[in-house]
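Undergrad: Let me begin by handing over the structure; questions about it come next.
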Amino acid sequence: MKIAVIGAGGVGGYFGAKLVRAGHDVTFIARGEHLKAIKSRGLIVKSIDGDFQVEHIKASDKISDIDNPDLVIVAVKAWQIKELREEIKKVLKDETLILPLQNGVLAADELAETIDKRHILGGLCRIISKIEAPGVIRHIGVNPTIVFGELDKAKTGRVNKINELFRSAGIESKISEDIEADLWRKFISICVSGLLAISNTTYGELREIKETRQLMIDLLKEIFALSQKIGVNLEVDFVEKTLSFIDTFPYDSTASLTRDVWDKRPSEIEYQNGSVVRLGEKYGVPTPINRFVYACILPGELKAGVKSSGFLV
């Protein structure tokens, strides 16, 4: 199977390197100094599960250089999907599958606006990771996992094949029976990222202070209420389960959106708390805390501009 990984940051770099280490044919799309480092010495992964390095990697800054891929893993920021989808469309063959791993719940729909939906799977990943230096990925926390499935919830041979691919590379993966619900499970939890940003806290600091912990709980409850109004199939104790999960995160860890806001880079705020606000308005669900988080981050987002630093992580 020929695999393309578009975006070699904390997500694409980590999972792509695992696939390379297992001997699979992988082409990375990256840019700048990160791309130069990948071409010269490969990728170094520093992980809480053990460090490793892969060398002699195929990499480019042009999506057009991808040759007849069987699987395209899209691991760029959520707001970059619209910029890249026409280029992705040009390299697809009849049986190519696209697996988006963006935060939020809109990636598959945005791809499907210009690409035949039969190519597209629903997907998400769980990992706390980042680019530590050019050519270096640091996995900080959470057991790295990919969850994916057919958008229509069908059980197909092609998703089984991809699951086997991931398992062969030592990547924990799960075929979802309801990818919409799984996407919302992650979506609800990641919207805490904006609260970290405006409170200037790590996950540990946020959860140990009574006042900020309550803000986090109320933020999660708002999005859960929204999911129920929309009709997403989530368990009634989902907020409690999410809090327990967040309580396992390393004390000093943060989220990619949080770091982007602090570093004055374009973030995924429109696809996280911004989406909550817009969906809340559409379905008549009040979302005051998410609205406050979104409003606080928006001025800096407008200053950063979503096109200020190129299109690939």
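Undergrad: Which ones in the stretch 182-215 are closer than 21 Å to E301 by Cβ, out of contact with any helix residue (DSSP H, G or I) (no Cβ under 7 Å at 6 or more places or on another chain) and not hydrophobic (A, V, I, L, M, F, W, C)?
TA: If the condition is that a residue be closer than 21 Å to E301 by Cβ, out of contact with any helix residue (DSSP H, G or I) (no Cβ under 7 Å at 6 or more places or on another chain) and not hydrophobic (A, V, I, L, M, F, W, C), then N200 is the only one that fits.
Undergrad: Here's another thing I want to ask about it. Among residues belonging to the stretch 136-175 that are charged (D, E, K, R) and modelled with pLDDT of 95 or more, point out the one that is nearest to S256 (Cα to Cα).
TA: Going through the qualifying residues, I end up with R138.
Undergrad: From the list K77, K89, pick out the single residue that is modelled with pLDDT under 95, surrounded by 15 or more Cβ atoms within 10 Å (Cβ to Cβ) and either more than 28 Å from A304 (Cα to Cα) or under 21 Å from the mean Cα position of the chain (by Cα) (or both). It would help to see each step written out before you state the result.
TA: Numbers: K89 fails: modelled with pLDDT under 95.
So the residue among K77, K89 that is modelled with pLDDT under 95, surrounded by 15 or more Cβ atoms within 10 Å (Cβ to Cβ) and either more than 28 Å from A304 (Cα to Cα) or under 21 Å from the mean Cα position of the chain (by Cα) (or both) is K77.
Undergrad: On to the next question. Just checking, how many residues over the stretch 143-167 are open to solvent by 70 Å² or more (accessible area, probe 1.4 Å), outside any strand (DSSP E or B) and not basic (K, R)?
TA: Qualifying residue count, the stretch 143-167: 3.
Undergrad: So, in the stretch 284-313, of the ones that are crowded, with 21+ Cβ neighbours inside 10 Å and within 20 Å of T258 (Cβ to Cβ), which residue ends up modelled with the lowest pLDDT?
TA: Looking at residues that are crowded, with 21+ Cβ neighbours inside 10 Å and within 20 Å of T258 (Cβ to Cβ), I get V313.
Undergrad: Identify, from the list I131, I140, I98, the residue that is outside any helix (DSSP H, G or I), open to solvent by 50 Å² or more (accessible area, probe 1.4 Å) and of a type in the set (A, V, I, L, M, F, W, C).
TA: Of I131, I140, I98, the one residue that is outside any helix (DSSP H, G or I), open to solvent by 50 Å² or more (accessible area, probe 1.4 Å) and of a type in the set (A, V, I, L, M, F, W, C) is I131.
Undergrad: Examine the stretch 276-283 for a residue that is at negative phi, open to solvent by 50 Å² or more (accessible area, probe 1.4 Å) and aliphatic (A, V, I, L, M), and state whether such a residue exists.
TA: The initial filter retains those residues of the stretch 276-283 that are at negative phi, namely 276-283.
Okay, now just the ones that are also open to solvent by 50 Å² or more (accessible area, probe 1.4 Å), so 278, 281-283.
When the remaining residues are screened for being aliphatic (A, V, I, L, M), the result is none.
No, the stretch 276-283 contains no residue that is at negative phi, open to solvent by 50 Å² or more (accessible area, probe 1.4 Å) and aliphatic (A, V, I, L, M).
Undergrad: Additional query: Just give me the residues in the stretch 115-126 being open to solvent by less than 30 Å² (accessible area, probe 1.4 Å) and in contact with a Ser or Thr (Cβ under 8 Å, 6 or more places away or on another chain), in sequence order.
TA: H119, G122, C125
Undergrad: Something else about it: Here is a check on your reading of the model: is S189 in contact (Cβ under 8 Å) with a residue 12 or more places away in the chain and small (G, A, S)?
TA: Spelling it out, S189 is indeed in contact (Cβ under 8 Å) with a residue 12 or more places away in the chain and small (G, A, S).
Undergrad: Follow-up. For G204, only one of the following conditions fails: (1) open to solvent by less than 10 Å² (accessible area, probe 1.4 Å); (2) not aromatic (F, W, Y); (3) not in a helix (DSSP H, G or I). What is its number?
TA: The single condition G204 does not satisfy is (3).
Undergrad: Next question. Go through (1) closer than 18 Å to T242 by Cα; (2) open to solvent by 30 Å² or more (accessible area, probe 1.4 Å) and name the single condition F187 misses.
TA: Going through (1) closer than 18 Å to T242 by Cα; (2) open to solvent by 30 Å² or more (accessible area, probe 1.4 Å) one by one, F187 breaks only (2).
Matching residues to (1) out of contact with any strand residue (DSSP E or B) (no Cβ under 7 Å at 6 or more places or on another chain); (2) of a type in the set (D, E, K, R):
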{"site": "G16", "(1), (2)": "no, no"}
{"site": "V20", "(1), (2)": "no, no"}
{"site": "H56", "(1), (2)": "yes, no"}
{"site": "K62", "(1), (2)": "yes, yes"}
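Undergrad: Right, another one. Can you report the number of residues in the stretch 33-52 which are assigned to a strand (DSSP E or B) and either open to solvent by less than 20 Å² (accessible area, probe 1.4 Å) or without any contact (Cβ under 8 Å) to a residue 12 or more places away in the chain (or both)?
TA: Here the count works out to 3.
Undergrad: Among the residues of the stretch 17-32, how many are open to solvent by 30 Å² or more (accessible area, probe 1.4 Å) and assigned to a loop (DSSP other than H, G, I, E, B)?
TA: The qualifying residues number 4.
Undergrad: Evaluate the following for V236: is it open to solvent by less than 20 Å² (accessible area, probe 1.4 Å), among the aliphatic types (A, V, I, L, M) and farther than 22 Å from V76 by Cα?
TA: On the way: open to solvent by less than 20 Å² (accessible area, probe 1.4 Å): no; among the aliphatic types (A, V, I, L, M): yes; farther than 22 Å from V76 by Cα: yes.
No: the conditions fail for V236.
The values are calculated or read from the model by the stated rules, or taken from the named source; none is laboratory data. Remember, predicted model here, so these are calculated numbers, not experimental data. FYI the Cβ positions are ideal-geometry reconstructions off the backbone, even for glycines, and counts take in every protein chain you see. Just the protein is used for accessible areas: all its heavy atoms, side chains included, with ligands, DNA and RNA removed. Shrake-Rupley method; radii C 1.70, N 1.55, O 1.52, S 1.80 Å.
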